[in-house]
Amino acid sequence: MTDIWFDEQDSSADYIPQHTLFRCIDAERQWDAQINLEESYCQLAELELAVDQLCREHTETHTLIDALLDAFYTRWLFSGSNQNEVEYKLNSVNYVLKMRTGNATSLALILTHLLQRAQLDVNMAFHQGDIMVHIALSAEEGYIVEPCGGNQTWYINPENDSKDEEPYELLLGDEAFKLYLAQQKWAFITADKFGHALSCVEQLMDLLGDDPYERRDRGYLLNQINCPKLAKADLQFFVDECPDDPTIEIIQHQIEELQDYNHVVH
């Protein structure tokens, strides 16, 4: 059954992009041509079947949520990592599906997907600066779940509450996918995997267009992989578009160094 499920996903070009987790799984092929995506999709299919079974066993919403979270953390053994593992692995959803340990972003992506499979109104969210999973029960009531350990907080907002700010910021549309790519980009940069990071930037630019900050980052990475002429063009674009940015003097100095390099080469 899992092999058939994978074949259906892999052959449907307009189905995969509708699901953030599928987009994240597939994105990793761009920087790791040897990755076995079929294994990830099969593991995910098994988890989805287990979610379906829990939905048949628990028809009351609060009970279902408790059962799903208990399964995720105690039966399937997903957790935050206490080991000294590199961040780009902990951020990788393919790695996490296999090893069952990750960071807040990768765990939130997988947990959100499985809770959505149960027909719950779920999104990733920022809550007090941290990545969380938000489960909405109504316009006023819901849960905030900490993805690394499963700690959950129930909340209710009175209808006449006059607060201007929500206690959480939902990541809707492409936002969760962009967050995943951005975090993976910086994790690769930290590990000096500049070609991998460049792949993340290019995918972000497919979503954002000529974003000056992604052009800046691409310029930095192109310089690291010895493409100074292309790097200079990207850095100059950033300077022209963001002249008041606080890092502008550093960027201008980098451009001058690239100009000096070109003069030496020629």
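Taken together, the values in this text are just the output of simple stated rules run on the coordinates, not laboratory data. Fair warning: this is a prediction, and the values are worked out from it, not measured in the lab. Cβ coordinates were reconstructed from backbone atoms using ideal geometry, including for glycine residues, and neighbour counts include every protein chain displayed.
Please list the radius of gyration and Dmax for region 98-226, considering alpha-carbon atoms only, with Å as the unit.
17.5, 59
What's the angle, to the nearest 10 degrees (0 to 90), between helix 212-224's Cα axis and the longest principal axis of the chain?
Its long axis makes an angle of about 60 degrees.
For the chain, what does the helix formula give at 222 nm: sum of -39500 (n - 2.57) over DSSP H segments with n ≥ 4, over the residue count, nearest 500 deg cm²/dmol?
Computed mean residue ellipticity for the chain: -17500 deg cm²/dmol.
Provide the three semi-axes, in whole Å and in decreasing order, of the ellipsoid equivalent to region 73-141 as defined by the square roots of 5 times the Cα gyration tensor eigenvalues.
Details: eigenvalues 110, 39, 18 Å².
Ellipsoid half-lengths, sorted descending, are 23, 14, 9 Å.
Can you list the residues of region 52-76 with backbone N under 20 Å from a point 7 Å past the Cα of Trp154, pointing along Cα to Cβ?
From region 52-76, the list is 55, 58-73.
Among the lysines, which have Cα under 27 Å from the Cα of Lys98 when same-chain residues fewer than 8 positions away are ignored?
Lys89, Lys178, Lys185, Lys193
Please state the charge dipole magnitude for region 170-266, taken about the Cα centre, from unit charges on C-beta atoms (+1 on K and R, -1 on D and E), reported in debye and rounded to the nearest 20.
Taking the Cα centre of region 170-266 as origin, the dipole is about 400 debye.
Give the peptides 49-55, 218-224 in descending order of average Cβ contacts within 10 Å, highest first.
By packing density, highest mean first, the sequence is 218-224, 49-55.
Taking the Cα centre as origin and putting +1 on Lys and Arg beta-carbons and -1 on Asp and Glu beta-carbons, what dipole magnitude results for the chain, to the nearest 20 debye?
880 debye
Go through region 16-89 and name the GluC sites (Glu not before Pro) that are in a DSSP coil and have 13 or fewer other Cβ atoms within 10 Å of their Cβ.
Passing sites in region 16-89 are Glu60.
Stretch Glu140-Gln34 to full length: gain in nm at 0.36 nm per residue minus the Cα-Cα span? Working shown, then result.
Numbers: separation 106, 0.36 × 106 = 38.16 nm, distance 4.60 nm.
Length gained, Glu140 through Gln34: 33.6 nm.
Any idea which of Cys227, Ala176, Gly209 is furthest toward the positive side of the dipole for region 152-256, if Lys and Arg beta-carbons carry +1 and Asp and Glu beta-carbons -1?
The Cα lying farthest towards the positive end belongs to Cys227.
So, by mean Cβ neighbours within 10 angstrom, what's the order for 245-251, 19-25 with the highest one leading?
Per-residue Cβ counts within 10 Å, averaged per peptide and sorted highest first, yield 19-25, 245-251.
I'd like to know which of Gln34, Asn151, Ser199 lies farthest towards the positive end of the charge dipole of the chain, counting +1 on Cβ of Lys and Arg and -1 on Cβ of Asp and Glu.
Gln34
Given Cα positions, please report Rg to Rh for the chain, the hydrodynamic radius being the Kirkwood one.
1.04
Quick check: residue separation of Asp245 and Arg56 times 0.36 nm, minus the Cα distance between them. What number comes out in nm?
Stretched fully, the Asp245-Arg56 segment lengthens by 62.6 nm.
Step through the residues of region 183-189 one at a time and calculate ³J(HN,Hα) from phi using the Karplus curve (6.51 cos²θ - 1.76 cosθ + 1.60, θ = phi - 60°), rounding each to whole Hz and writing x for Gly and Pro.
These are the phi-based 3J(HN,Hα) values: 5, 5, 4, 5, 5, 5, 4 Hz.
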